[in-house]
Amino acid sequence: MNSKNTKAAQSECGSNQSLVFLIFMLFLSAGLFAQGKKLISGTIYDSAGGALPGVSVLESGTTNTTVTDSDGKFVLEVTLGNTIVVSYIGFLTQNITVDATTGSALILNMQEDVHMLEAVELVSVGYGTMRKSDLTGAISTVTSENLVKGAIPSTELALQGKVAGLTIIRGSGDPSNGGSIRLRGGTSLTASNSPLIVVDGVAGVDINVVQPSDIKSIDVLKDASATAIYGSRGANGVIIITTKGGSKGLSIVYNGYTGLSESSNHLDMLSANQWRSHVRQNSLTDAIDYGGNTDWQDELERPTAVTQSHTLSISSGNETSGLRTSLSYFDSEGVIKTTGLERLSANISTYQYALDKALKFDAGLFANIDKWHPLDYRIFERAFNLNPTIPVYDENGDFTSVGGTLYENPVEILTNRTVDNERHRVLGYFKTEAQIFNDFQATVNLSLEHNAMQGSTYKPSYAVMEGRTEGGYAQKTYAEYTTAQIETYLSYSKLIGKHSINALAGYSFFENIYEGFGAQRSGFETDLFSYNNLGAGYNYRLGDVYSYKGKSNLVSFFGRANYSYDGKYMVTGTIRRDGSSRFGANNKWGVFPSASVAWRITGEDFMSSTQDWLTNLKLRAGYGVTGNQDGIGEYKSLSILGVGQDSYYDPVTGTWSLAYSPTQNPNPDLKWESTEQLNIGLDFGLFNRITGTLEIYSKKTKDLLYTYQVPQPPYLVGTMLANVGELSNKGVELTLNANIINRDKFTWDANVVFAKNKQKIEKLSNQIYETEAIYSGSLHGLSGMSNQFSQIIAEGYPVGTFWGVESSGLNENGEFILGTEEKAIGNVQPDFTLGLGMNFTYHNFDFGFTGYGSFGQEVLNATNMMLYDPNRLPAYNVPDGFLGSGITSAPKFSSYWIEDASFFRLQTVSIGYTIPFKNKGSKLRLYVLGENLAVFTNYNGVDPEIDLTGLANPGIDRFNNYPRPTTISFGLNFTLTN
């Protein structure tokens, strides 16, 4: 081989070696690259096996991050040897080191952080849910575990004392009576002041369509930034109830108890022996001793009233479908004979996924039947009036009857009447959710609610009141209303790095139809028919038969947008446009906007040094406008003709006919009441033990509805419903929850809610409609009080202001010392309200109590005002306290009878023992529960919790206090799961 060829060969060989080396290095670098990076994926669940969307997955020490999708899945490429940090608010953070053995399809189950769980709690906000940590509005949540337990005849009572600013007053111990609800003070004079009730997305339903045992959680939307999404229906706040649904696996739950009740308090009246002693000591020669020894209050009451409740629920579900059904029976005897409430309730709800979870169907049906016997409250006045020596029955075994004004035998009134009422409630809904694109979801919700009530009354010909004078009296009434709704909306949700965007836009159509009729007759030859044959009565009068029907529609467009950056800065805006058939021709549409912001301060770097003790600090602010159309009613903006008492002669037919005449003036400017509200809130957490919320708000309601006097002419009718006045409410609320001790064998939790509200009427008149004051709180019907009012509604004062003369007490002769100038002498608005609860567990034992109170409200004790009258003796009875009162003159309305009705009620006390089963989740709990065990008050009436609502007689105790029972219940909860 010559040198030239040799060099060529060497050159070729070198080139080949270079190529081989290059290829080797490429493979080596590829291998090194392959070993340095790894693509991992996984699915993240909570401890119960539910997928967790929005979980942060971060490669430690880098900005390489992602979040899980709606199914809890994620994909992330990370460097071998590095650590991924999996974190989610409310759950314990997990760290996973990535190496060659790390699987490409991880399955992680995250454990809840009990101290931060509240932050991840999903809260209903109207047409959707949000994490509590992302809220910008004022919303309080009560879970099923924290609802008031016991004999709950009306669902709203389960919230009593549980939410700051939500006042629920039950002015009677009658099981058939519920409570009045107010949130942050009343906003109207004549319209409803009750919050809007939403059950499983269906707005405007009867709260008693769902029973407490079926409730999963209740979210109370307080400020306008939260309620504006409901527009002209949200001025009084919104209560959103979410019911229990199908759960993973099979679960069977039975709850049952039996309760024994007796009256907790009586008005202390003179006994027969006390009456006789007074007659002897004062030589009352006109006194008649009938020989009896009767406690008329005791005669009206059952010695022991029995309540029983039984609820059975079955729940089953998996990843794609679920079903829950429940059946409950509630029967509560009232402490007053003949009264009580019997309720049979049932519901069924189901969900079903389809098309790989791109489609979801929800359906629910709730139904219940109530039966009760309304009480004639006149029995209490008679029970206080009657001489205690009068026996209930005479020598013939008939009810004793003694002549005199308001002197009828109350036991006879209670016994010789048949009054049967029955109410049926049905609510059904069908909801469809479709994931139409990756980030878009469409929802359609159809619902129908039907309520019907029938009443039947018969007063026999031998009944002392009405029966004898009418020759027997029978009445039948029937009323029903049906509401149908369709709501459809499109939701958008997107996570882009640290940016979170949520938005929705929708349409709603609501239709309400109500109708009813009634008939009454008197003059029955026999009492055998009772109320079942009205035609047998021979007395017929104008007005004995009536019927009515009405209809209203509401059309709405609404939208909401939420933006959050890095979980620290949040903005929410909502708008709703409502068109209602109730509004006048010039105001058919209303617009209700709101905006709110929030700043999670503890998310900032400069707060890192405080994390040991300040676990959460978030500042919120919101402003919005909401409306209230409930005071308008149907057809109130139109001119209406009605039949009157006048008649005319028709010469064509030769007969007399009833004349129709105008009964209502038209008002084309009639519209909703509008409430503007500013809310500033602070959410905080301390030491991983305490969480709390402080709220400060200011509400101003404009265009208050009231029926004003108008001149005739130009108006055909002398009154008109118009929007004129203004009303303000300002207040502060505090909620505290503390996990004081949390050990394996012993826990101690406490919660406190506090609220203070100040109300003032700002305006009542304008240039067209004028009034200096509205007098209310009528005392008509009380002795010496004809056509007298006790309250005034006037500018500068809250609703329920007592107006009269001041009293300086009694002079040396026992006469009242009264001023001459009428002025404000008290008001029914409380200074503040308070709720308190504590729960303890030790091993398998549990103990807890709840209480609530209202402080600073003043009420008129009209009962004592009538009973503390020296002219009553000896014919009528008097309270024990009268004999030592020194009063010698007939009572007159004055500040003497205005009392501080502050109180704190020990609501419930319970102790239980839980027997766990080997099967995890199955258990049996036995318990004893006491209700209304004590009331701390200086009030001198039967009960200080007097109804403070409405304009007619708020805060007036007037012979209408049905005794509130004290109840001891024995019950068990049995849960069986697979």
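Go through Asp646, Asp630 for me and flag whichever is assigned to a strand (DSSP E or B) and among the charged types (D, E, K, R).
None of the other options fit; the residue is Asp646.
Can you go through Leu76, Leu28, Leu22 and tell me which one is at pLDDT 80 or above and either farther than 13 Å from Leu108 by Cα or touching an Asp or Glu at 6+ places or on another chain (Cβ under 9 Å) (or both)? It would help to see each step written out before you state the result.
On the way: Leu28 fails: at pLDDT 80 or above; Leu22 fails: at pLDDT 80 or above.
Testing whether each residue is at pLDDT 80 or above and either farther than 13 Å from Leu108 by Cα or touching an Asp or Glu at 6+ places or on another chain (Cβ under 9 Å) (or both) leaves just Leu76.
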Between Ser594, Ser674, which is under 22 Å from Lys132 (Cα atoms), part of a strand (DSSP E or B) and in contact (Cβ under 8 Å) with a residue 60 or more places away in the chain?
Ser594
State whether one or more residues within segment 220-238 are surrounded by fewer than 24 Cβ atoms within 10 Å (Cβ to Cβ), of a type in the set (S, T, N, Q) and in contact (Cβ under 8 Å) with a residue 24 or more places away in the chain.
no
Looking at segment 158-210 only, could you name the residues that are acidic (Asp, Glu) and farther than 25 Å from Ser263 by Cα?
Asp200, Asp206
Just give me the residues in segment 514-565 being among the aliphatic types (A, V, I, L, M), within 41 Å of the chain's Cα centre (by Cα) and more than 24 Å from Ser232 (Cβ to Cβ), in sequence order.
Ala519, Leu534, Leu542, Val545
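Among the residues of segment 199-208, are any touching a residue at least 60 places away in the same chain (Cβ under 8 Å), within 19 Å of Leu554 (Cβ to Cβ) and polar (S, T, N, Q)?
The answer is no, given that none of the residues of segment 199-208 is touching a residue at least 60 places away in the same chain (Cβ under 8 Å), within 19 Å of Leu554 (Cβ to Cβ) and polar (S, T, N, Q).
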Quick one: which of Ala235, Ala164, Ala191 is of a type in the set (A, V, I, L, M), under 28 Å from Met838 (Cβ atoms) and either under 13 Å from the mean Cα position of the chain (by Cα) or in a loop (DSSP other than H, G, I, E, B) (or both)?
Ala164
List every residue pair whose Cβ atoms sit under 8 Å apart, with the two residues 6 or more apart in sequence or on different chains, where the first one lies in segment 560-575 and is on the phi > 0 side of the Ramachandran plot and the second, anywhere, is surrounded by 17 or more Cβ atoms within 10 Å (Cβ to Cβ) and among the acidic types (Asp, Glu).
Gly567/Asp134
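How about segment 616-632: which of its residues are surrounded by fewer than 20 Cβ atoms within 10 Å (Cβ to Cβ) and touching a helix residue (DSSP H, G or I) at 6+ places or on another chain (Cβ under 7 Å)?
The answer is Leu617, Leu619, Tyr623.
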Out of the residues in segment 379-436 that are buried (at least 16 other Cβ atoms within 10 Å of the Cβ) and among the acidic types (Asp, Glu), which is nearest to the chain's Cα centre (by Cα)?
Glu433
Quick check on segment 749-768. Is at least one of its residues touching a Phe, Trp or Tyr at 6+ places or on another chain (Cβ under 8 Å), closer than 30 Å to Met838 by Cα, surrounded by 12 or more Cβ atoms within 10 Å (Cβ to Cβ) and aromatic (Phe, Trp, Tyr)?
yes
Residues that are modelled with pLDDT of 95 or more, more than 22 Å from Thr693 (Cβ to Cβ), of a type in the set (Phe, Trp, Tyr) and surrounded by 19 or more Cβ atoms within 10 Å (Cβ to Cβ): does segment 562-571 have at least one?
no
Condition first: in the same structural domain as Asn438 (by TED's automatic domain parsing), in a loop (DSSP other than H, G, I, E, B) and in contact with a Pro (Cβ under 8 Å, 6 or more places away or on another chain). Can you find one or more residues in segment 307-319 that meet it?
no
Kindly indicate whether Thr400 is out of contact with any His (no Cβ under 8 Å at 6 or more places or on another chain) and either free of Cβ contacts under 8 Å to residues at least 24 places away in the same chain or assigned by TED's automatic domain parsing to the domain that holds Asp71 (or both).
no
Could you please give the count of residues in segment 772-807 that are more than 18 Å from Val859 (Cα to Cα) and not aliphatic (A, V, I, L, M)?
8
Being in the same structural domain as Ala755 (by TED's automatic domain parsing), at pLDDT 95 or above and over 17 Å from Asp268 (Cα atoms), is that true of even one residue in segment 876-884?
no
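Tell me, which residue of segment 597-615 that is of a type in the set (S, T, N, Q) and not in a strand (DSSP E or B) is modelled with the highest pLDDT? First the steps, then the outcome.
Looking only at segment 597-615, we keep the residues that are of a type in the set (S, T, N, Q), and these are 602, 608-611, 615.
Now restrict to residues that are not in a strand (DSSP E or B): 602, 608-611.
Working: Thr602: 91, Ser608: 84, Ser609: 85, Thr610: 84, Gln611: 79.
Ranking the candidates gives Thr602 first.
This table checks each residue for (1) of a type in the set (S, T, N, Q); (2) modelled with pLDDT of 95 or more.
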site	(1), (2)
Val209	no, yes
Ile229	no, yes
Ile240	no, yes
Gly249	no, no
Tyr254	no, yes
Leu260	no, yes
Ser271	yes, yes
Trp275	no, yes
Ser283	yes, no
Of all residues in segment 242-257 being closer than 27 Å to Gly128 by Cβ and under 28 Å from the mean Cα position of the chain (by Cα), which is surrounded by the fewest Cβ atoms within 10 Å (Cβ to Cβ)?
Ser247
Can you name the residue in segment 684-724 that is without any contact (Cβ under 8 Å) to a residue 60 or more places away in the chain and small (Gly, Ala, Ser) and is also surrounded by the most Cβ atoms within 10 Å (Cβ to Cβ) among such residues?
Ala722
Take the residues in segment 933-948 that are part of a strand (DSSP E or B) and not β-branched (Val, Ile, Thr); name whichever of them is surrounded by the fewest Cβ atoms within 10 Å (Cβ to Cβ).
Phe936
Which strands (runs of 3 or more DSSP E) does segment 710-811 wholly contain that include 3 or more residues that are closer than 30 Å to Leu159 by Cβ?
719-742, 746-763
Got at least one residue in segment 489-512 being over 26 Å from Ile436 (Cβ atoms), at pLDDT 95 or above, under 26 Å from the mean Cα position of the chain (by Cα) and part of a strand (DSSP E or B)?
yes
Among the residues of segment 466-482, count how many are touching a residue at least 12 places away in the same chain (Cβ under 8 Å) and either among the β-branched types (Val, Ile, Thr) or in a helix (DSSP H, G or I) (or both).
4
Residues (free of Cβ contacts under 8 Å to residues at least 60 places away in the same chain and either on the phi > 0 side of the Ramachandran plot or not assigned by TED's automatic domain parsing to the domain that holds Phe330 (or both)) located in segment 251-293
Ser283
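The values are calculated or read from the model by the stated rules, or taken from the named source; none is laboratory data. Bear in mind that the values here come from a model prediction, so they are computed numbers and not experimental data. Reconstructed Cβ throughout: ideal geometry from the backbone, glycine too, with neighbour counts over all protein chains shown.
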